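Just so you know, all these numbers are worked out from the coordinates, no wet-lab data involved. Remember, it's a predicted structure, so these values are computed and weren't measured experimentally. Counting neighbours? That spans all protein chains shown, and the Cβs are built from the backbone with ideal geometry, glycine included.
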Amino acid sequence: MSAIIRLENVTKTYPMGEVEVHALRGLNLEVPQGQFVVLLGPSGSGKTTTLNLIGGLDRPTEGKVVVEGEDIARLNDRRLTQYRAAKVGFVFQFFNLIPTLTAAENIAFALELVTRDRKAIQERTAALLALVGLANRGNHFPSQLSGGEQQRVAIARALANRPSIVLADEPTGNLDVETGRQVLQALRDLNRQEGVTVVLVTHNTAIAPLADRVVRLHNGTVASDEHNPHPAPASALNW
Ligand SMILES: Nc1ncnc2c1ncn2[C@@H]1O[C@H](COP(=O)(O)OP(=O)(O)O)[C@@H](O)[C@H]1O
Ligand SMILES: [Mg+2]
């Protein structure tokens with residue numbers, strides 16, 4: 001299997017007044033297409049920085065970030081924006097839904113960025129709501145949904161334009177255990193059903209058994225990298 005994501009000797013240094021913060025110090029990582037990877041590490045280990053570089057939200061100080069054969073660090077801002085819209089779906093800890101739009105409208109909004117075909121938008125929105133178990137909640141506003149339901153809408157929205165990669169940063173960080181399990185299962189199902197590559201970042205070691213592979217970060221480099229031949233269902237996770 002060829003790698004859909006390849007980070008080569010990536011460093012990221014943030015200037016902080018007189019000093020520099022070395023967020024990443026020579027990170028190497030290859031992710032094959034369709035893999036469900038958990039990036040695990042304590043706060044400050046460089047997880048979010050890594051995700052932001054893969055997602056084209058930021059650029060490395062040194063090194064390469066190659067996605068589907070293209071070094072995205074070399075793209076100009078306009079092409080980087082296109083890259084994000086076409087290839088990447090983001091899921092965040094605090095859901096980031098638009099409060100004045102219904103669940104269905106939040107998903108449709110993402111689709112409207114790339115198509116005007118009303119029928120296609122409606123069909124895809126309905127299919128995505130069903131995929132995340134919210135077929136009968138499309139007309140609810142975020143404030144009328146539980147945290148877990150909101151996060152499942154966010155996941156449906158991230159998947160809307162059939163990205164090749166979904167990047168999830170502490171997606172259960174704001175949820176109770178049972179709700180967190182439902183969200184993780186929704187992500188795992190979408191990974192299997194749509195073949196989308198998932199990179200999930202967390203400090204929560206209890207989530208690791210869900211993954212095909214667990215990469216531990218420490219001080220901005222890979223500390224360990226283990227494959228998991230028998231991923232656990234989300235229902236078996238506990239924290
Ligand atoms: N925009 C920034 N400016 C300065 N320092 C930053 C910035 N973003 C992250 N850092 C620092 O880089 C290191 C890694 O951060 P981060 O990738 O957010 O870690 P994690 O997600 O694992 O908690 C931390 O020391 C953090 O304080
Ligand atoms: Mg983080």
### Query
Shape of the stretch 147-223 from its Cα gyration tensor (a ≥ b ≥ c, root eigenvalues): rounded if a/c is under 1.5, otherwise prolate when a/b > b/c, or oblate?
oblate
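Helix-only mean residue ellipticity at 222 nm, the chain, DSSP H runs n ≥ 4 weighted -39,500 (n - 2.57), per residue, nearest 500. What is it? The partial results should precede the final answer.
Working: 6 runs with 74 residues, N = 239.
One gets -9500 deg cm²/dmol as the mean residue ellipticity at 222 nm.
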### Task
Excluding residues fewer than 8 places away in the same chain, name every one of the lysines whose C-alpha is closer than 23 Å to that of LYS119.
LYS87
### For the stretch 3-236, projected area of the alpha-carbon convex hull averaged over all directions, nm²
13.0 nm²
### Task
Using a cut-off of 13 Å between beta-carbons, work out the net charge of the residues near ARG6 (Lys and Arg +1, Asp and Glu -1, ARG6 not included).
-4
### Query
To the nearest Å, what is the center-to-center distance of the stretch 2-60 and the stretch 86-151, using C-alpha atoms only?
28 Å
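Between SER43 and ALA120, what FRET efficiency follows from the Cβ-Cβ distance if R0 is 30 Å, with the result rounded to 0.05? Don't skip to the end; give the middle numbers.
Working: r = 42 Å, r/R0 = 1.39.
Efficiency at R0 = 30 Å is approximately 0.10.
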